[in-house]
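The values are calculated or read from the model by the stated rules, or taken from the named source; none is laboratory data. A quick note: this is a predicted structure, and the numbers were derived from the prediction, not measured. Cβ placement follows ideal geometry from the backbone for every residue including glycine, while neighbour counts extend to all protein chains displayed. We work out accessible area using only protein heavy atoms, side chains counted, and drop any ligands, DNA or RNA first. Shrake-Rupley method; radii C 1.70, N 1.55, O 1.52, S 1.80 Å.
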Amino acid sequence: QIAFTKKVREVLANDSKVYDPRKIIGPGREAIKETVITKMREFGSSGKA
């Protein structure tokens, strides 16, 4: 949630006229994905699913 919110705020700060949710939610979703991948590697759970 923190990564998502941080990215959404960043997108909105850079372009205050953006209104398409796909342009806001997409980058937030990617930020979550990157965070999960990092945590999986950090805790040694990559490739165990």
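Apply the Karplus parameterisation 6.51 cos²θ - 1.76 cosθ + 1.60, with θ equal to phi minus 60°, to every residue of the stretch 7-18 and state each ³J(HN,Hα) to the nearest whole Hz, in sequence, with x for glycine and proline.
Each residue of the stretch 7-18 in turn: 5, 4, 4, 4, 4, 5, 5, 6, 9, 6, 9, 5 Hz.
First compute the accessible area of the chain with a 1.4 Å probe, then give the percent of it belonging to carbon and sulfur atoms.
On the way: 2510 of 4410 Å².
Ligands and nucleic acids excluded, carbon and sulfur give 57 percent.
Could you tell me which of the pairs Lys7/Lys48; Lys6/Lys48; Lys7/Lys33; Lys6/Lys39 are separated by over 22 angstrom between their Cα atoms in the structure shown?
Values: Lys7/Lys48 28 Å; Lys6/Lys48 29 Å; Lys7/Lys33 12 Å; Lys6/Lys39 17 Å.
The pairs that break the limit, which is 22 Å between Cα atoms, are Lys7/Lys48; Lys6/Lys48.
So what are the ³J(HN,Hα) numbers for the stretch 40-48, from phi and the Karplus equation (6.51, -1.76, 1.60; θ = phi - 60°), rounded to whole Hz, Gly and Pro as x?
The phi angles translate into 5, 5, 4, 9, x, 10, 5, x, 10 Hz.
Per residue, how much accessible area does the stretch 7-49 have with a 1.4 Å probe, in Å²?
88 Å²
Relative contact order, percent, of the chain when contacts are C-alpha pairs under 8 Å separated by at least 6 residues?
41 percent
Let me understand the chain better: what is its radius of gyration from the alpha carbons, and its Dmax, in angstrom?
Cα-based Rg and Dmax for the chain come out at 13.4, 43 Å.
Of all trypsin sites (Lys or Arg not before Pro) in the chain, which ones are in loop regions per DSSP and have a Cβ with at most 12 other Cβ atoms within 10 Å?
Hits after loop and neighbour filter: Lys17, Lys48.
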